[in-house]
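The values are calculated or read from the model by the stated rules, or taken from the named source; none is laboratory data. The structure presented is a predicted model; accordingly, all values stated were derived computationally and were not measured. No Cβ is skipped: glycine too gets one built from the backbone with ideal geometry, and neighbour counts run over all protein chains shown.
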């Protein structure tokens with residue numbers, strides 16, 4: 001029996017709808033439907049009565065959901081017990097969007113790690129994947145990014161999944177280019193100024209869109225005629241540093257990084273879009289001293305942008 005399938009069944013039972021469960025957990029409807037069918041086949045029962053009005057629990061389904069909730073709670077408690085009580089081993093992991101300020105905060109934070117053993121992880125992950133990881137306890141806390149206009153949608157999703165949240169920063173994406181580039185020398189920057197330059201990008205530029213189609217729409221709104229797709233952040237920065245004909249859209253970067261690579265960042269005045277980075281974790285999770293150190297450094301770096 002698949003534990004993830006159990007979690008999907010609980011969400012469907014909660015909302016009485018695969019569609020609403022899909023919106024809540026950020027998983028495609030066909031995948032949830034397939035998981036429920038596999039679970040019912042494994043158990044040899046019908047968990048739901050399916051009708052035009054929605055998904056209603058059968059008598060066997062009600063008993064299964066109650067027991068499944070109890071089992072998942074025990075698994076979560078067991079996992080927490082052993083993860084947090086391993087002798088002499090510091091454990092820390094965070095899922096986050098790609099952002100220079102987060103990397104800088106993470107690097108600064110690692111200087112404060114003490115002890116003989118430590119397992120420290122920074123997982124650069126799209127927003128909906130981060131939410132899934134926190135819900136499933138694969139990660140104790142994470143950072144998600146969404147467009148400010150979509151805030152209500154995401155906050156409802158977090159609340160419906162019993163996730164706590166606190167804001168880190170709000171920003172607009174900026175254009176970064178080589179300081180010797182003509183783009184860097186302009187007093188004001190507009191979309192038309194970008195068209196003859198090469199845009200450095202990657203397949204999921206902002207890691208905050210809901211679907212692949214929305215990712216494409218975002219990229220079409222801001223893309224130049226020429227693009228270079230590079231997934232590695234260090235390679236992106238090297239390209240910007242070595243080729244004055246390139247530019248890239250990024251969240252605001254710390255001055256230390258810009259100086260290191262000889263870059264300049266500025267807003268594009270007719271392509272202004274605002275985003276928020278938000279820290280999330282389970283409402284039942286108690287922030288550890290190590291996590292508090294990281295959060296404090298994260299906010300310090302964000303405030304300096």
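A single entry from 67, 34, 50 fulfils the requirement of being in a helix (DSSP H, G or I), outside the structural domain of residue 132 (by TED's automatic domain parsing), on the phi < 0 side of the Ramachandran plot and exposed (fewer than 13 other Cβ atoms within 10 Å of the Cβ): 67. Hey, can you tell me all the residues within the stretch 231-246 that are surrounded by 17 or more Cβ atoms within 10 Å (Cβ to Cβ) and touching a helix residue (DSSP H, G or I) at 6+ places or on another chain (Cβ under 6 Å)? Within the stretch 231-246, 237, 246 qualify. Looking at residue 102, is it surrounded by 13 or more Cβ atoms within 10 Å (Cβ to Cβ), part of a helix (DSSP H, G or I) and not assigned by TED's automatic domain parsing to the domain that holds residue 137? Judged against the criteria, residue 102 is not a match.
As an exercise: evaluate residue 151 against (1) over 21 Å from residue 254 (Cβ atoms); (2) in a strand (DSSP E or B) and give the number of the one condition it does not meet. Result: residue 151 fails condition (2) only. Residues of the stretch 248-273 that are assigned to a strand (DSSP E or B) and either over 24 Å from the mean Cα position of the chain (by Cα) or not assigned by TED's automatic domain parsing to the domain that holds residue 191 (or both): 263, 264, 266.
Among the candidates 189, 155, 163, single out the residue that is modelled with pLDDT of 90 or more, surrounded by 19 or more Cβ atoms within 10 Å (Cβ to Cβ) and closer than 19 Å to residue 23 by Cα. Walk me through how you get there before you give the answer.
Details: 189 fails: closer than 19 Å to residue 23 by Cα; 155 fails: surrounded by 19 or more Cβ atoms within 10 Å (Cβ to Cβ).
Answer to the selection: 163.
Among the conditions (1) closer than 30 Å to residue 140 by Cβ; (2) part of a helix (DSSP H, G or I); (3) outside the structural domain of residue 137 (by TED's automatic domain parsing), the only one that residue 238 does not satisfy is (1).
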